[in-house]
Amino acid sequence: MIIAPSLLACDFGQFAKEARRAHKSGAEWLHLDIMDGHFVPNISFGPEVVRVVRPLTKMVFDVHLMCSKPEILLEPFARAGADNLTVHVELGERVTSLLWKIRSLGCKVGLAVNPPTAVAQAEPFLSQIDLLLIMTVNPGFGGQPFIHEMLPKVQQAAAWRRSRKLDYRIEVDGGITQETALECARAGADTFVSGTALFGQRQLKRAVQKMRDGTTAAGKSPI
Ligand code: DX5
Ligand code: ZN
C-alpha cells in the first residue's frame, strides 16, 4: 500500500517546511495537485513550486494535472522533478498522445477519471498506464466528503487488472480519511491520496502509519 499525502492541504505559506514534514512521515509518495482555473474552478501552483520542493525529499512526486491543456505543461513538470504525471480521461481524443508524451519524458503514466465519468472510458488505455486514479470527489478543492458511489469503479478497475494480468496501481483521491481508505482498500485500491485528513494531524507519521497498516489489513479481506 502506498500513502500519498496531498500538498494541497498543507500550509501554503510554508511549502518547504510542509514538504519536509511529509518526508519525515515515511509516506512513499507526495501528491501534487495542479489546477489551472479552467479544467477545475481553482488554481493551485505551478512547476516552479515543484522545482523548489524537489531537493527537499526523495519521495516519489505524484503530479496530478487537473488542466485543460496538459500538453503545454508535461515537459515543465517533468523537468521540475515529477516522477508520475497523471492526466484526465475527460480530455477525450487527446489522451493517447498525452500518455505517449508522458512516457517519452521518462515519467510514470497516470490516467484520472472524474466522478461523473464512466470508468469504462479508461478501459482502452489500461495497457498503456502505470496508474489509474479514481477521483472520489469532484476535483478542485480539498476537504470535500468522499463519494461512496465511486467504490464500484475501484472494484471494476481491480477486476480488469486481474483478468488482463496488468499491473497498474489503483489510486483513490478525494475525501480519503482513515475510514474511507479502508473501504477503498477492500474494493481493491492500493494507493491512497489524502490531504485534509493527513496534513491536519500533528503527528503525521503516526497517521500515515495507521493508514498504511489499516489499508494493508483491509486489502486482505476484499468485498
Ligand atoms: C481534489 C484533489 C485532491 C485533494 C484531496 O481536487 O485532486 O488531491 O488534495 O484532498 P482531500 O484529501 O482533502 O479531499
Ligand atoms: Zn489529486
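A crude spin-label estimate for the pair residue 127 and residue 28, with each label 7 Å from Cα along the Cβ direction, gives 2.6 nm. Over region 76-223, Cα pairs under 8 Å with separation of 6+ residues give a relative contact order of 17 percent. Here each label is just a point 7 Å from Cα along the line to Cβ, and for residue 203 and residue 105 those points are 3.9 nm apart.
How long are the three semi-axes of the equivalent ellipsoid for region 129-223, computed from the Cα gyration tensor as the root of 5 times each eigenvalue, in whole Å, largest first? Spell out each step's value before the answer.
Working: eigenvalues 95, 47, 25 Å².
Over the Cα atoms of region 129-223, the ellipsoid semi-axes are 22, 15, 11 Å.
Estimated from helical segments only, the mean residue ellipticity of the chain at 222 nm is -10000 deg cm²/dmol, where each DSSP H run of four or more residues counts as -39500 (n - 2.57). For region 109-121, the Karplus equation 6.51 cos²θ - 1.76 cosθ + 1.60, evaluated at θ = phi - 60°, returns couplings of 9, x, 10, 10, 10, 6, x, x, 8, 5, 5, 4, 5 Hz by residue, with Gly and Pro reported as x. Residues 88, 31, 23, 38 in ascending order of nearby Cβ atoms (within 10 Å, fewest first): 38, 23, 88, 31.
Scalar couplings 3J(HN,Hα) for region 93-102, obtained by applying the Karplus form with A = 6.51, B = -1.76, C = 1.60 to θ = phi - 60°, are 5, 7, 4, 4, 5, 5, 5, 4, 4, 4 Hz; x denotes Gly and Pro. Please work out the C-alpha center-to-center distance from region 111-141 to region 43-58 and express it in whole Å. Centre-to-centre (Cα) distance: 24 Å.
Could you pull out which residues in region 153-182 have an amide N less than 20 Å from a spot 7 Å beyond the Cα of residue 216, following the Cα-Cβ vector? Residues passing the 20 Å test: 169-172, 177-182.
Once you reduce region 194-216 and region 1-18 to the center of their Cα atoms, the two points are 12 Å from each other. Note on 66, 1: ascending count of other Cβ atoms within 10 Å places them as 1, 66, the fewest first.
Hey, with R₀ at 35 Å, roughly what FRET efficiency would residue 75 and residue 149 work out to, going by the Cβ-Cβ distance, to 0.05? If you can, show how the numbers build up before the last one.
On the way: r = 36 Å, r/R0 = 1.03.
Calculated value: 0.45.
Using the beta-carbon distance between residue 166 and residue 117 and R0 = 22 Å, what value does 1/(1 + (r/R0)^6) give for FRET efficiency, to the nearest 0.05? The formula returns an efficiency of 0.65 here. Couplings 3J(HN,Hα) for region 163-176, derived from phi with the Karplus relation 6.51 cos²θ - 1.76 cosθ + 1.60 (θ = phi - 60°), are 5, 9, 6, 9, 9, 5, 7, 10, 10, 10, 8, x, x, 7 Hz, where x marks Gly and Pro. Annotation: the residues 29, 100, sorted from fewest to most other C-beta atoms within 10 Å of their own C-beta, follow the order 100, 29. For region 6-136, what does the alpha-carbon gyration tensor say about shape, rounded, prolate or oblate, given a ≥ b ≥ c as the root eigenvalues, a/c under 1.5 as rounded, and a/b over b/c as prolate? Prolate shape, in that a/c is at least 1.5 and a/b is the bigger ratio.
Each listed q (0.08, 0.15, 0.16 Å⁻¹) maps to a log10 I(q)/I(0) for the chain, found by the Debye formula over equal Cα scatterers with no solvent: -0.24, -0.93, -1.07. When the listed pairs 153/220; 69/153; 17/153; 101/205 are checked against a 29 Å cut-off, the alpha-carbon distance exceeds it for 17/153; 101/205.
Looking at the chain alone, DSSP beta bridges between its own residues are antiparallel in about 5 percent of cases. Taking Cβ atoms as reference points and 11 Å as the exclusive limit, the residues near residue 85 contribute a net charge of -1, counting Lys and Arg as +1 and Asp and Glu as -1.
Values quoted throughout were computed directly from the atomic coordinates according to the rules given, and no laboratory measurement underlies them. Note that the structure is a prediction, hence the values are computed from the model and not measured. Counting neighbours? That spans all protein chains shown, and the Cβs are built from the backbone with ideal geometry, glycine included.
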